[in-house]
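Right, one structure below, let's go through it.
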């Protein structure tokens, strides 16, 4: 039901939104297709959400006891002891028996509750009232119970019938799809090829009712018998172009998805409306492809002729060609072809496609992964724990004057303050406080290796009231406008005798995701717990003790209201939309907590112990063993019976969701993937020892996921811990300094002996220093440099190799043979950007570069070009995506060969103080509140003070900066290198260019734009007609553009095709004659007609 509601909402939104673009088939098709795919993905999102605790959005809320638990309400129920009644959470061998016991127990609880409510009610009545009520009490209760039972039985019967009907109709519709596919293949086999190819597509003649495009297998266009003889050659060509466009677009796959969606969600009317509108949009898009070369009136006649030919052929023609047979459809289609306002694009720009797709998919994922986190205070029992180091020299802050439980001070970003509570709920005196940025500590690529050392020094000690307060400039950053902002921070409290307490506090972080959680209005209260030893036993399938297994603590979660008894009922509930397993607080990297033991090994009986964990919390543990499937499970740090979650929609058996300490779990036997890795060919082939092997994961920065394995001296590997899958797994193979080989990925199946061959790489050692020779630490990695634009390779990650820091300022890594580069990322604002010319290194003296080669062959003064890396065949490839040198602190090029040995490289990171810039107007008055756009985009800023600092300028290469103040209509530009002196920018009244790009008929042309150039414009300035957010204001109407420019400077424009790489596209012609706008002037260029 939850899935059906979600699909209804998504399909309704997609259908209604598409109706707003009646003249643009490309937009409608994009919106509808995205909504269709989202509907299909919704069950998957909810399934993942129901089987994991992964959360994208957590909304903290204060959770207090409900009114039903207060003193003024009913007294607590006298539930039967768990040993004397039917257990709610009892692990039995028979799952069906366990389920029936759960149901009986729930009914018993309901009966007890009703009886106690009745007793309480009687206690509040007078004697007369009791006598009046008692005469009808028993009969009423008995009749009520019978009515409730009958209603429940009818509901179960009705629901079962509905499920059977739903499943029957769905199967019937799916069977119809299968028979249709079989029929299509039959038509392909029986069709006669007439020997005429169109766009490389076969043309067949067969006994069909209408022209068809068959895309499964070898693509073909099938024409009805005698169709060619009954239509004109131009009309036949129109039909072939139309059907070929279907094949080129892959519409057969969309049709299949439509059928599956309609079958899966047939009761939802808006799904069928969405499919019908998508069919119309698809036909209009293919019509647009024909109209690109055909007169609209002539093509309208073609549609009429085709409709006349197919009307009398078969009765099922209306199903095969509804757009020309169904009542009113042909007229609607012909009117659309003749409509001069029609948007004749066949596809939207990539940015629009990504925006729509991510919007729909993001909403689906967000809806399925949202949870509300309750946070309250809870008193617990006091015990002992040992370990964290106590800092004697640091004393509590004696100047604290506030009381109570503070919130994050959003007005003072450097200030951190809060309260630490002990296991008894009272203030904890003498606790040591650590603090670190959660982004830096928990969300880096190497966060799995994060340890307590990354927390840094102790920041403060708690006073007699458990309070702490300190300032931390290193947990803030400064914007381009000079405003200091707070990082999201992890606070940790430690003291001898208790387990560490932690809390994540709100911050204004670098990305949208960090704003979601935690909430700024959350009290800064760190709660500690008494220690407890988590124990358990693992058995291999069949009951054999699993000795020598590695047990790792991978997560710690605080239960709701910090009370496990309150939390457990939530674990038993089935998961649905906007629901999940919520926690008061969660930590995915428990290794950062000082003194916490996070690993253990099972003994000969398969038992393990993890001491010193917070009592009453929930631990996420992972167990690995060569013979077993790597398994992750959640265990309560308290002895208790297992908790079972109710099945979704009460279908199936309850699933085990939470163990208690002292549990026993049996793990299935895992698959083993074997093979040998070599390098070279023929007589030069050798075993590749020391290669890292793991599951390939294109979403991970390393390209790897799960356990890592190494090849032995013979290059052989064994990957274990995976479930048995006959299809096998895609494995990633990656080299290192000790094993210099290029990345590779290959599918390997269980039971086989795979052979993998890797390309050689070359090791390097980089010494990174400042100008004085002092070691410098930065992010260092290597890439392949592409000599030819548009190159793509298969790999596991975008970077060729991430270097390993082996000592201060010393890094070891590998580079590919041939053109390559070692890159050093800027780590501080004062780092000077790199400014090198790759062409001067790899192709010195060459000058005959094309426009595309000028930018994407090796790169240029501003960027370094690298090949596109295909990390998965399921996603498109972004070719010619260069690395901006403004983001780099140093670059070292290499052109090594296989046997060159270790390359010894040295790079210097230079630092420059910021340049002081002052903005003034033409009268010399200082200008505040302006915004800046830079080529170094990460330093774009708004609301600038009149005088501010500019970082990242280079002394040998000028950067172009544009300052605007829209409120006053001012603009100022600055093209400058780094300089030691202050700079002054005079902002003057801005000029504006407006115009419209049209075709010969006067309709807006959205497939092309204008490349603007001039001394007052930054590089790669490009404008195109406005499609969205249009108004009646000149320059903002549909199809118009508006560009704010510096006055008294010549501006030129040339037509280019609108693509992601428009900067390298050849010009099609001059857009307008050079203009020199005056201050405050708006120059209307009028309709600029494409040549």
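The values are calculated or read from the model by the stated rules, or taken from the named source; none is laboratory data. Bear in mind the structure is a predicted one, so any value in this text is a computation, not a measurement. With ideal geometry, Cβ positions are generated from the backbone for all residues, glycine too; neighbour counts draw on all protein chains shown.
Considering each of 969, 1014, 981 in turn, give the residue that is at pLDDT 90 or above, on the phi > 0 side of the Ramachandran plot and not assigned by TED's automatic domain parsing to the domain that holds residue 1035.
When all the criteria are applied, what remains is 969.
Quick check on segment 14-30: of everything there that is out of contact with any helix residue (DSSP H, G or I) (no Cβ under 7 Å at 6 or more places or on another chain) and part of a helix (DSSP H, G or I), which residue is modelled with the highest pLDDT?
16
Considering segment 984-1011 alone, what residues qualify as being under 16 Å from residue 948 (Cα atoms) and modelled with pLDDT under 90?
Within segment 984-1011, no residue meets the criteria.
I'm trying to understand the selection: among the residues of segment 617-626, which are outside any strand (DSSP E or B) and modelled with pLDDT of 95 or more?
Correct list: 617 only.
Is it true that residue 597 is at pLDDT below 90, more than 25 Å from the chain's Cα centre (by Cα) and at negative phi? Please lay out each step first, then the result.
Numbers: at pLDDT below 90: no; more than 25 Å from the chain's Cα centre (by Cα): yes; at negative phi: yes.
It is false that residue 597 is at pLDDT below 90, more than 25 Å from the chain's Cα centre (by Cα) and at negative phi.
Of everything in segment 31-48, what is at pLDDT below 85 and either surrounded by fewer than 22 Cβ atoms within 10 Å (Cβ to Cβ) or in contact with a strand residue (DSSP E or B) (Cβ under 9 Å, 6 or more places away or on another chain) (or both)? Give them in sequence order.
Selection gives 40, 41, 43, 44, 45, 47, 48.
Out of 1082, 1030, 1001, 992, report the one residue that is out of contact with any strand residue (DSSP E or B) (no Cβ under 7 Å at 6 or more places or on another chain) and in contact (Cβ under 8 Å) with a residue 60 or more places away in the chain.
Residue meeting the stated conditions: 1001.
Quick check on residue 571: is it over 15 Å from residue 662 (Cβ atoms) and surrounded by fewer than 19 Cβ atoms within 10 Å (Cβ to Cβ)?
no
Would you mind finding the one in 601, 554 that is surrounded by fewer than 22 Cβ atoms within 10 Å (Cβ to Cβ), under 30 Å from residue 457 (Cβ atoms) and in contact with a strand residue (DSSP E or B) (Cβ under 8 Å, 6 or more places away or on another chain)? Write out each step before concluding.
Details: 601 fails: under 30 Å from residue 457 (Cβ atoms).
Within the list 601, 554, the selection yields 554.
Would you call residue 962 crowded, with 19+ Cβ neighbours inside 10 Å and modelled with pLDDT of 95 or more?
So residue 962 passes the test.
Residue under question is residue 304, and the condition is that it be part of a helix (DSSP H, G or I) and either at pLDDT 75 or above or on the phi > 0 side of the Ramachandran plot (or both); does it hold?
Numbers: part of a helix (DSSP H, G or I): yes; either at pLDDT 75 or above or on the phi > 0 side of the Ramachandran plot (or both): yes.
Judged against the criteria, residue 304 is a match.
Are there any pairs with C-beta distances below 7 angstrom linking a residue in segment 7-35 that is more than 14 Å from residue 346 (Cα to Cα) to a residue that is not in a helix (DSSP H, G or I), with the two at least 6 apart or on different chains, and if so which?
Listed pairs, sorted by first residue: 7/265; 7/268; 8/268; 11/268.
Taking segment 850-877 as the region of interest, how many residues are in a loop (DSSP other than H, G, I, E, B) and out of contact with any helix residue (DSSP H, G or I) (no Cβ under 8 Å at 6 or more places or on another chain)? Working first, answer last.
First pass over segment 850-877, keeping only residues in a loop (DSSP other than H, G, I, E, B): 850, 857-858, 860-862, 865-867, 871-877.
Still in the running and out of contact with any helix residue (DSSP H, G or I) (no Cβ under 8 Å at 6 or more places or on another chain): 850, 866-867, 871-877.
Summing the residues that are in a loop (DSSP other than H, G, I, E, B) and out of contact with any helix residue (DSSP H, G or I) (no Cβ under 8 Å at 6 or more places or on another chain) in segment 850-877 gives 10.
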